[in-house]
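Report on one structure; see the data block that follows.
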Amino acid sequence: MRFGRTSKALGVAAVAALALSACAANTGTETPEESTEGEATGGNIRVVEVNAFSSFNSNSSEGNVDINGKIAYATHSGFNYINNDLEVVANEDFGTIEVLSEDPLSVKYTVNEGVNWSDGEPVDGGDLLLSWAIGSGYFNDAKTDDAGEVVSGTTYFDYAGDTGGLALTELPEIGDDGRSITLNYSEPFADYEVAFGTMTEGGISTPAHVLAEKGGLADEDALIELIETAPAGDPENPEERPEVQALADFWNTGFDTKSLPSDTSLFLSNGPFIASAITPDQSMTLTRNADYSWGPEANVDEITVRYIGEAPAQVQALQNGEVDIIAPQASADTVEQLEALEGVTVEQGNQLSYDHIDLNYSGVFEDENVREAFMKTIPREQIVETIVRKINPDAEPLDSQLFLADQAPYEESAANNGSDAFAEVDIEGARELLDGATPEVRIMYNRDNPNRLNSYTLIAESASQAGFKVVDGGLGASDWGSALGNGTYDATIFGWINSGVGVSGVPQIFRTGNGSNFNGFSSPEADELMDELIVTTDPDEQDALQVQIDKLIWDSKYGLPLFQVPGVDAYSDNVTGIVYMPNQTGVWWNFWDWQVVQ
Amino acid sequence: MVTYIVRRLVTAVLILFGASFVVYQLTALSGDPLEDLRASNAPNREQLIQARTELLDLNTPAPLRYFGWLAGAAKCLVPFAATCDLGTSIQGEAVTTALARAMGNTITLVTTATVLAIIIGVSLGIITALRQYSGLDYGVTFLSFLFFSLPIFWLAVLLKEFGAIGFNNFLADPDIPPTTIVVVAIASGLIWSLFASRSWKRKGIAFLLGAVAAAALLFLLDLADWFTSPGLGPIVILVTGVGIAFGVVLLTAGLRNRKALYASLIMVALGLVAYYVVNPILNGATVWMIIILAVITILVGMGVGFLLGGYDRGQSMRAAALTGVFMGLLIVIDRFMVTWPAYVGNSRVRGRPIATVGAETPGLDGTFWINGLDTFTHLLLPTLALLLASLASYSRYSRASMLEIMNMDYIRTARAKGLSERTVVMRHAFRNALIPLATLVAFDIGALIGGAIITEQVFAFAGMGQLFVQALRRTDPDPIMGFFLVAGILALVFNLVADIVYSFLDPRVRVKA
C-alpha cells in the first residue's frame, strides 16, 4: 500500500533525523570564529554630527559646512590651533611662525623637516604658496555691479574665508630651504596669527602636487612657477588665465564627494587621522595616520563619525551605547533628557553666537534719551532666565558688545563700559527720561525663531510699562533677513557670531557705513580706534583698544547684547578627555585627548 | 483600451509639467537661501552673499529659473544618452547621484514594512471578517486604530526606549523575573482566548493553554540561556516544520488531500536532511547562494508534489514547494540565531545589538550572516514602527471587502452545493475580496519610494524623506525637484496601473473604449 510505504519512509526519515541530531547536533551549524576587529590598543570612539560630510575641501564655498571643517581639522595639521579659552596655541612640532619685523609686518612660516602628506610627499613651500594664493585671492579680478552680478573678470578660487588679510601681502617667495615662505604685509594686520595655516581653518589642507596634477600642470614646480610669474589680478584689466582657471575649477569642486574616492590623492592627510571609510549620509571612519608625529598625537586609533540630525535621536543613541559623544542642538528638553541618563556626563556652556537688540540711530530713536529710556526697560535678566538658564544654568546676560564671556578681557570691559546701568529694569528711570512722551517703537525680529519671539514678548511688555507703544514688526524666517537695515523698523532683535579670535569682525559691525552696520551707528572716535585696531598686532594693545571701543558703543546707547546662545554636549562614561568648546570646532578641538576607558 | 492608456499618459505628462512648476515656485518661495548670511557679521559677508547668489542663480526670478531646470531635466528623456541633468545640491552633489542613493536606502527600509503590512493586515482583516463582532474582531480593531492614531515619532521613541535600550539592557543580563513571566503568561492567555470560538468554556481552556505554554516557554528559554545563545536545533525545526506542513496543506489543498499532505511532510524530512547537508556550505553564503538554494527548494518541492500527486497534481506541488520554502526559512533563521553570539560580541557592536539609528554599524566587516544580522537589528525598529502604523488601513479595507463578499449570493450558493468551508473562504471569497485591495496596494507601492519622512528623520535613515527635508531646510530647489519627479511619476504611473489592473481583475468595471 502506498499509504503504508509513505508513512514508513516518513518514519525512517524522522528516526534518521533524530539520530543525526543526537550524534551530530552541533556539527551542522558551526560558525567560524569572528576575528576580533580593531586589534588596536587605543580603541575606537564614536562621535555624532548633525550634518553629513560632503567635501574634503572645507574652504571652498560649497564645502564650507561645519562637519567638513571638523574632518579637515582632524586630518590636517597647521601652525596653530585655537583652544577652548579661545586662545591661539602654536603647534611648533609642525612648523614655526616667526615675526621678522613688526612694522612693516613680515612673518616667516617654516614647515619642519619630516612633515609629510600621507602619500609620502613632504609638506613644503609649494603647499604654503598655494595656500596663500587661494587665501589671498591673488588672481581674482572680478568686478561686480550693485546687484551682485559679475560684470567683468573672474573670481578664481571660490574661497569661503575672508581674503582681506592675506590680500595685504605681496607675492611671497619660497625660502632657500624650500620649506618656508615669508609674508610681507603692506600694512600691519591685526589677525595675522590666524590668517594663515591655522588648524581651526583646516590648516595646510591642499597638497600642491595633487592640485598641480589634477589641474593639468606637469608637477608642483610648474605650479610654483605659475603662481610666481603670473601677475596679480587687477579688476580694471581682467585677463584670461586658463591655467589658473583649471586649477581653481578643480579646487572648487574636485574635492567634493559624499563617498570615499578610489583616488587616494583626493584625501591626503598631514594630520593625526586619515579618512578610511565613508557610507554616504550615514557615517564616516577616520583611522590613525601612521606617519604622523608633528603635533598632538591621538590616544584613539579610530574615530567613527555618525550623522544624526534629530536631538532626541542623538540622546537615545547615546543612551543605547551606539555612540560615545554627542553635541545636539541645545534645547531645554534635550538637556533634561540628558541629565536623566545614567553613565553620561553633560557639559553646558556658551556658544559664540549671541542675541542682541539694536536701536536705530534714526526715526523715533534719534534722540539719545529715548534710546536710553528704552534700554532701561529691557528685562535682560528675565530673558536669560526664561530662555537660557534651562539649558545653561550658569548663564548671565552678556555685558559687552565686543567680548564674549569666555574671553579673557570680558570682565574688564564689562566693568568699564557702563553696562551695569542696564543690569536691572528701571521703569521709573525710563519714564523720567521720556518725560511723558509715548514714542511708538516698531521692533523687527524673526518670528519663526522661538527665542527671538520670547525676547520680543518680554521686551514689549516691559517697555509698554514705561509708556512706549511697541509695535510688533516680526517677520517670517524667509523675510526678516532681507529687511535688515531697510529702515522699516526702529529696533531689531537678532544674532551675531563672534569669531572668538581676531578683531577683523569688529569694524564690519560698528564702523560707519560698513556692511553689517544696520542701525546707522557712527562715532568718529570709535572709527579711528577701529582703524588703529585692525593694524595693531599686539594682543594686549588690541584688548585695550577694544575696551575703549566697547565703552564708546555703550555710551552712545547703541542697544543691548542679550545673551550668548547656550550649547551642550554629552559623552558616555566609556570615554574621557572631552572638554566643552564654544567655537565651531566644538568637541573636536582636542580630539587628541579623547581616550577610551579600558 | 490602448486609447484609454494613451489618454491617461498624456494627461499624466501635463499634470507633471504643471505640478513641477508649482512645486518649484513653492520651494523657491519657502525660504530665504541667504538668511544666515544676511545677518552675518563676517568681514567677507558681501563676498559670501555674492557667491551663493551666483551658485543658486538668485538674480533670475524663480519662474524663469524653473525653465533652466526644465531644460536640464528634459535631457533625461533622451534614451541611453546619459545626459540627464537634474542639477546639483547646494553642496555640489549631482541630484541624480543623491536620488539613486536615497532611493536605494528608502527601498531597503520601506519594502519589508510594506510587504509585511500587506500580508499581516490582509490576514487580520480576513480573520476578523470571518469572526465578525467577536472579541478577536474588537481586539484587532482597537489595536489597529490605536497604532494608526499614535504619532509615529512618538511610537518610534517608545520603540527605541523599550525595544532597543530596554531589550539591550535585558540581553546584557538575560534573567526573566517571575513577575514578567506571569504578566506575559496572562497576556498570551488572553490572546489565545481571543482566537478561541464563542463558548466561555472553550475560551477558558484556550486561556489556560496559552498561559501555560507561554510561561513554560519563557521558563525553559531562560533556563537554557537561550537569549544569549539562541538557536532552533533539529527538533524544533522538525516539530515546527510538521506544523507548517499541516498549516500549508490546510490552506492550499485541505487536509483531505492526503497526497498533498504527504508531499509536504516529505519536504519537511528533506529539509531536515538539508539542515545537515547544506549547513557546511552556508559558511561562505552570499545572497545569490541563498536565492539559488531557494529556487532549488521550490523545484524539489514541485518535483515531490508531481511524483506523489494524483489527478490534482497542482495542489500537491504548490503545498510541497511552499512547505519547502518555509523549511528553508527555518534553516536560515536557525543559522542567523547561531551566529547571534558572535555578532553581539563583536567589538563594534559592543554587546548592544538592537540599534536606534542608521542602517548599519559603521566599520562592521563580517560574513553574510553577521552583516545580515546587522541589517536586521538596524531595520527592526523602523520596520515595526511603519508596520504598526499601516496595519489599520489594510486590515480595515480587507475586513470590509471580505464581509461584503461573504454576504453575496454566490457564496450562499457555494455553501448550498456542499463545498467545504475552506473552499468557500479561500477559493470563492478570499480571491474576490482582494480585488478592491489591488488599488490600495498599487498606491502604496507608488508612495513607497516617496519615503517615510518622519520615520527616516527619527531613525536617522538617509532615504528620500531626508533628502527632501534637508533640501527644503536649505531652500535648495534642485534636490526637491528630483524628489518630486520620482515621487510624482511613480504616483501617476501606479495610479494608472491600479486602474488597469482593476479592470483586468474585475470584469464588471472593464472599460469599453
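No lab work stands behind these numbers, since they all come straight from the coordinates. Model, not experiment: these values are computed from the prediction. Every residue, glycine as well, gets a Cβ built from its backbone with ideal geometry; the counts of neighbours run over all protein chains shown.
For this structure, a couple of remarks:
- Counting only other chain Cβ atoms within 10 Å of each residue's Cβ, the peptide B:366-378 averages 1.
- ³J(HN,Hα) computed for each position of region B:141-147 - Karplus, 6.51 cos²θ - 1.76 cosθ + 1.60, integer Hz, glycine/proline x: 4, 4, 5, 5, 6, 4, 5
- Of all beta bridges that DSSP places with both ends in region A:351-565, some 60 percent have antiparallel geometry.
- Approximating the spin labels as points 7 Å out from Cα along Cα→Cβ, the A:Ala277-to-B:Val273 distance works out to 4.1 nm.
- Exposure proxy ranking, count of Cβ atoms within 10 Å, fewest first, for A:Asp435, B:Asp476, A:Asp531: A:Asp435, A:Asp531, B:Asp476
- Listing A:Val425, A:Val323, B:Val493 from fewest to most neighbouring C-beta atoms within 10 Å gives B:Val493, A:Val425, A:Val323.
- Annotation: the antiparallel percentage among DSSP beta bridges lying fully within chain A is about 75.
- Converting phi to 3J(HN,Hα) with the Karplus coefficients 6.51, -1.76 and 1.60 and the offset θ = phi - 60°, region B:34-42 yields 9, 3, 5, 7, 4, 8, 7, 10, 5 Hz in sequence order, with x at every glycine or proline.
- Counting charges near B:Trp226 (Lys, Arg +1; Asp, Glu -1) among other residues having Cβ under 13 Å from its Cβ returns a value of -4.
- Helix axis angle, A:539-555 relative to chain A longest principal axis, alpha carbon, degrees: 60
- Remark: the A:Glu461-A:Asn416 segment gains 13.3 nm on full extension, using 0.36 nm per residue and subtracting the alpha carbon distance.
- 3J(HN,Hα) along region B:353-364: x, 6, 9, 9, 9, x, 10, 6, 7, x, x, 6 Hz, from the Karplus curve 6.51 cos²θ - 1.76 cosθ + 1.60 with θ = phi - 60°, whole Hz, x for Gly and Pro.
- For chain B, the longest principal axis of the C-alpha atoms and the axis of helix B:287-308 are separated by about 40°.
- Simple label model, 7 Å out from Cα along Cβ direction - A:Asp263 to B:Val2, nm: 5.1
- The protein assembly as shown - convex hull of alpha carbons, volume per residue in Å³: 219
- Between A:Glu240 and B:Gln25, the distance separating the two model label sites (each 7 Å from Cα on the Cα→Cβ line) works out to 4.1 nm.
- Förster radius 22 Å - calculated FRET efficiency between B:Asp365 and B:Phe80, Cβ distance, rounded to 0.05: 0.05
- Nearest 10 degrees, 0 to 90: helix B:233-252 Cα axis against chain B principal axis: 90
- A straight chain from A:Ala167 to A:Val50 at 0.36 nm per residue would run longer than the Cα-Cα distance by 38.7 nm.
- Qualifying aspartates and glutamates (Cα of each under 14 Å from Cα of B:Lys259; at least 8 residues distant if same chain): B:Asp312
- Fewest neighbouring Cβ atoms within 10 Å first, the residues B:Val425, A:Val99, A:Val123 line up as A:Val99, B:Val425, A:Val123.
- Too-long pairs where the Cα-Cα distance tops 24 Å, listed order kept, from A:Lys258/B:Lys160; A:Lys214/A:Lys258; A:Lys70/A:Lys258: A:Lys258/B:Lys160
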